[in-house]
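S.K.: Let me give you the structure first, and then I'll get to my questions.
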Amino acid sequence: MTTLRAVRDFPLAVRLLLVNQFGVNTGFYLLVPYLALHLGENLGMSAAIVGVVLGVRNLSQQGLFIIGGSAADRLGARGVIITGCALRTVGFGLFALGDSLTVLLAASVLSGMAGALFNPAVRAYIAVESGDRRAEAFALFQVFATCGALVGPLLGGVLLLVDFRTSALTAAAIFAVLTVAQALVLPARRVERLDRPGVLTDWRGVLGNRRFLAFALAMTGMFTLETQLYLLLPDGARTAGGWAGAAGLLFLVGTVAGLTLQLRITTRLKRRGRRGRWISLGLALMGLAFLIPLPVVGVSDPGVPDGTAAAALRLLPVLLAALVLYLGVMTAQPFVMELVPAFGRSSLTGTHLGVFYMVSGLAAALGNILVGWTMDLGENPGISWLPWVCCAAIGLASAGGVALLSRRSLLPDPGTPVP
């Protein structure tokens, strides 16, 4: 109820974009986690081709974030958000209707481009519209996103009992509804056009901001460790509990924690100390979370739990790790999103967010390759602890990087406008 009351205090545009993010994550996670299964089992594609299709989608999104951010600054965030959601409607519809590799690659490109457009644009709109309550707005944004990330896979699993085509068409329908809602309700905002230089000049200015790039690279740990909710932690839950459905409990933990704690954490920490301190603490919590399950997943042969009670006890450290990881995200992420626009003037909010997601996302992709490699090595006797310690090191390294930037006063004050 506290969360709902806080939502009502924001302007209509922010409220719509919060609900929009719930719908975006619901539609996305309804489809994407099951896409590889569809391509491999239903369409009989090789693992290499499946990797190409998924990689094209990810590359189209990560590599074009800067385009979406600049478009939001120059054309207005509203139109970019609507265009992005419309493109994803088409892309997900193609996944439902197309079986050939050409159509599937086109669907991957369109759905990736869609994310590159509306992700920075939505955040830029919220950052400008929420004013000095930016941290609270992004805290609520994270709550709605987490809820969508829970509902999406559950709904997708139910729809798969019919077939993948039904699941994909449902996801496309969700984005179609969001597109119409934004076109009808989302207010347009005037775009600042005071003798602005070209787009390349904007990019050079943002990419030449060493403080900003250092911060984006330091945040690699947050993006890398967040994705372990879909890679390492589910694998650990299945190993510890001996039950394939144990991974779903991780998202339940995150949703309950987000609904009950996110806004409280953000509002209380906002009044106490500099932002860099809390971002660094959040990253440290995220890293330390991966040390908690070591007694049950870091041994050479954990074995199969004998009975339900034993499985539950073995699963508890993994669930506790997920909770601590979510607490770290809840501590750091709202302040990260509050700081990114503060590195430059308000007319470049979208560009800063686009570059931030591009740099951090591409660097995190390399981090995920490292984690995957250590997971493969961890299958050898005696070193099953390796991927967990690797993730802990990544989180602590990122925490140290942000702490160093904060100690050297290289992080901006979100309350001070940039000339």
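S.K.: In this structure, is Leu325 open to solvent by less than 10 Å² (accessible area, probe 1.4 Å) and either modelled with pLDDT under 90 or over 29 Å from Val128 (Cβ atoms) (or both)?
M.R.: yes
S.K.: Look through Val177, Val143 and report the one residue that is more than 25 Å from Leu87 (Cβ to Cβ), within 23 Å of the chain's Cα centre (by Cα), among the β-branched types (Val, Ile, Thr) and modelled with pLDDT of 85 or more.
M.R.: When all the criteria are applied, what remains is Val143.
S.K.: Answer yes if at least one residue in the range 4-23 is of a type in the set (Val, Ile, Thr) and in contact with a Gly (Cβ under 9 Å, 6 or more places away or on another chain), and no otherwise.
M.R.: The answer is no; no qualifying residue exists.
S.K.: Here's another thing I want to ask about it. Residues Leu291, Leu269, Leu261, Leu283: which one is touching a Lys or Arg at 6+ places or on another chain (Cβ under 9 Å), under 19 Å from Met222 (Cβ atoms) and either surrounded by fewer than 23 Cβ atoms within 10 Å (Cβ to Cβ) or not acidic (Asp, Glu) (or both)?
M.R.: Leu269
S.K.: Provide a single number: the residues in the range 47-84 that are open to solvent by 50 Å² or more (accessible area, probe 1.4 Å) and not in a helix (DSSP H, G or I).
M.R.: Here the count works out to 1.
S.K.: Let me ask another. Hand me the list of helices (runs of 4 or more DSSP H) wholly inside the range 161-245 holding 2 or more residues that are touching a Phe, Trp or Tyr at 6+ places or on another chain (Cβ under 9 Å) and surrounded by 17 or more Cβ atoms within 10 Å (Cβ to Cβ).
M.R.: Those helices (runs of 4 or more DSSP H) span 164-185, 210-218, 220-226, 232-241.
The values are calculated or read from the model by the stated rules, or taken from the named source; none is laboratory data. Since this is a predicted model, take the numbers as computed values, not measurements. We place every Cβ from the backbone using ideal geometry, glycine too, and count neighbours over all the protein chains shown. These accessible areas exclude ligands, DNA and RNA; they are computed on the full protein's heavy atoms, side chains included. Shrake-Rupley method; radii C 1.70, N 1.55, O 1.52, S 1.80 Å.
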